[in-house]
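Comments concern the structure below.
The values are calculated or read from the model by the stated rules, or taken from the named source; none is laboratory data. Only a predicted model underlies this, so the values are computations on that prediction, with no experimental measurement involved. Positions of Cβ are backbone-derived with ideal geometry, glycine not excepted, and every protein chain shown enters the neighbour counts.
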Amino acid sequence: MTDKSNKSQISDTSVDQIRNILFGEQVKIIEQTIEKLEKTFSKSLQDLNDKLDKINKELQSDNSGLDKKLSDDLSKLENKLIDTEADILNQLDKLSNQASHRNDLAKLLNEMANNLSD
């Protein structure tokens, strides 16, 4: 059994040696090319990741600025709404007072008319 495994190993070694003799230089060139491509691809991928991170940070910064502006605008609108509501209530109160004065004036005029007709 040991003899068969030794022959198999010798045979495999011989085949590898023949392959290296026939294709050795081409395999080295191909391996170098693949290695260069892997490095280029890895660098490009890292550059893309860096650019995406930068863009993401810029977007987050822009969003926080927009959130603050939106919040400020909303506060201003709420204040305007409160002011407008107060103005409307004041105007309604004045109109109510004017209507009350008109009613009082109408009663007084009716009494005067009744007194004159008596």
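Can you tell me which residue within the stretch 1-38, out of those that are surrounded by fewer than 10 Cβ atoms within 10 Å (Cβ to Cβ) and not hydroxyl-bearing (S, T, Y), is modelled with the highest pLDDT?
Across the stretch 1-38, the extreme among qualifying residues is Q26.
Which residues, taken from the stretch 80-117, are among the hydroxyl-bearing types (S, T, Y) and under 60 Å from the mean Cα position of the chain (by Cα)?
Result: T84, S96, S100.
Only one residue in N114, N79 is in a helix (DSSP H, G or I) and exposed (fewer than 10 other Cβ atoms within 10 Å of the Cβ), so which one is that?
N114
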